[in-house]
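Peer 1: Sharing a structure below in structure tokens format, with a few things to ask.
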Amino acid sequence: VSTPADFRQLTPYVFRLALQQSGVDILEPMLCFELQIPQVASSKAITDLQKLMSEIEDISCNNEWCHIKGKVPLNTSKDYASEVSSYTKGLGVFMVKPCGYQITKGDYSDNIRMNEKDKLLFMFQKSMSSK
């Protein structure tokens, strides 16, 4: 027997599957960022920003500090401010502000914890076992 909770849990998966099959482009929020870090941490920061799928627009460094500007998807950068604070021992600052949207790159269903097919199979098996 299905419950209202089953429906609430299944709805996002079915909705995303329908969007995916319809060929609709999914937009993701972008953040403009400024990263100020000690120069000794700059190579780690640049590597991290590449992993976060950021677009680095400007890098300027002096003897002690680096200032990096660019854009990064919201979804990949949610916890990065705390990471910066950790690897710079509290000296680094990662500041962001909303700056538009871009078409999601890759498979936007990667963020779903359970594959849609697995979720649908689970619901089907659950409904069949109750008969």
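Since every read-out is calculated from the coordinates, none of them should be taken as a lab result. From a predicted model like this one, the values you see are computed outputs, not experimental measurements. Cβ sites come from the backbone with ideal geometry, for glycine too, and all protein chains shown count toward neighbours.
Peer 1: Multiply the residue gap between Lys89 and Thr76 by 0.36 nm, knock off their C-alpha separation, and tell me the result in nm, one decimal place.
Peer 2: Length difference between fully extended and current span is 2.5 nm.
Peer 1: May I pose another question? Note down the relative contact order for the stretch 27-103 as a percent, whole number, built from C-alpha pairs under 8 angstrom at least six residues apart. The partial results should precede the final answer.
Peer 2: Values: 146 pairs, mean separation 37.4, N = 77.
Answer for the stretch 27-103 is 49 percent.
Peer 1: Still on this structure, I have one more. Points 7 angstrom from Cα along the Cβ direction at Thr104 and Asn62: gap in nanometres?
Peer 2: A separation of 4.3 nm, rounded to one decimal place.
Peer 1: Given C-alpha coordinates of the stretch 27-103, what is the ratio Rg to Rh with the Kirkwood estimate of Rh?
Peer 2: Values: Rg = 11.8 Å, Rh = 12.3 Å.
Reported Rg/Rh, Kirkwood definition of Rh: 0.96.
Peer 1: How far apart, in nm, are two points set 7 Å out from the Cα along the Cα-to-Cβ line at Lys97 and at Thr11?
Peer 2: Between Lys97 and Thr11, the label points sit 3.5 nm apart.
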